[in-house]
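No lab work stands behind these numbers, since they all come straight from the coordinates. These numbers come from a predicted model, not from an experiment. Because the Cβ atoms are built from the backbone with ideal geometry, glycine has one as well, and the counts that use them run over all protein chains shown.
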Amino acid sequence: MTPHEGRDAVVNLVVDTTEHLDVGTWQANHGAAAPQNCTMKNEGEGASYQFSLWADQGTSFDEDIQRVADYWESLGMETRSVDHGQYPVLYGTGGPVFRASFDTNGPGNSYRIGAVSPCTPGDAGALKREANEQRKDGERFPGDEYVPEENIDEAYKN
């Protein structure tokens with residue numbers, strides 16, 4: 001998997017997961033999918049992407065957790081649910097991403113779905129610079145449609 005394939009896998013998982021929940025509009029409150037430094041299994045430096053979306057909190061926490069768990073498991077992910085009082089959290093690993101989570105009590109009484117791609121060979125700084133140049137030319141990337149235009153470049157500042 002290349003870093004760009006990892007970015008696409010993370011965004012696709014998060015966006016596709018939102019389609020299994022009947023809640024309001026989803027937004028990328030923390031910006032576009034952005035590369036970050038990571039350490040590969042062989043101890044080499046690599047890059048991975050993370051991406052999250054938020055929406056107003058639903059009301060059927062257990063049912064929503066089960067819907068997402070069923071979807072993630074259909075993708076080959078292993079899931080586990082952790083009960084935090086009345087607000088469960090679902091964690092997933094494997095499948096198309098390294099890890100993912102679905103929080104039914106995110107900041108400001110929200111639902112939050114996030115994922116991180118596997119660590120792959122690459123330089124997060126170089127990937128950010130590359131994206132900045134492409135963005136200056138008007139190119140947009142998967143997940144950008146959830147970010148207010150004025151915030152798009154924030155995720156890519158060094």
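A few points about this structure:
- Sequence of 101, 117, 74, 48 once ranked by neighbouring C-beta atoms within 10 Å, starting from the fewest: 74, 101, 48, 117
- Estimated [θ] at 222 nm from DSSP helical runs (n ≥ 4, -39500 (n - 2.57)) normalised by residues in the chain, nearest 500: -9000 deg cm²/dmol
- Exposed trypsin sites (Lys or Arg not before Pro) absent: longest stretch of the chain, with sites in DSSP loops and at most 12 other Cβ within 10 Å deemed exposed: 42-156
- Net length gained if the chain between residue 43 and residue 74 were fully extended (0.36 nm per residue, minus Cα distance): 8.0 nm
- Tilt relative to the chain, helix 3-18 - C-alpha long axis, 0 to 90 degrees, to 10: 20 degrees
- Of the GluC sites (Glu not before Pro) found in the range 49-158, those in coil by DSSP whose Cβ has at most 13 other Cβ atoms within 10 Å are 139.
- In plain terms, the chain from residue 84 to residue 56 could stretch by 8.2 nm, reckoned as 0.36 nm per residue minus the Cα-Cα distance.
- Principal-axis tilt of helix 61-74 within the chain, Cα atoms, nearest 10 degrees: 50 degrees
- Cα long-axis angle, helix 124-136 against the chain (0 to 90 degrees, to the nearest 10): 80 degrees
- The Cα-based radius of gyration and maximum Cα-Cα distance (Dmax) for the chain are 15.7, 48 Å.
- Between residue 134 and residue 63, the simple spin-label model (points 7 angstrom out along Cα→Cβ) gives 4.0 nm.
- Order of 21, 13, 75 - criterion: other Cβ atoms within 10 Å of each residue's Cβ, fewest first: 75, 21, 13
- Among 17, 39, 120, sorting on how many other beta-carbon atoms sit within 10 Å of each Cβ, with the fewest leading, yields 39, 120, 17.
- Positive-end residue, the chain charge dipole about Cα centroid, Cβ charges, pick of 115, 2, 77: 2
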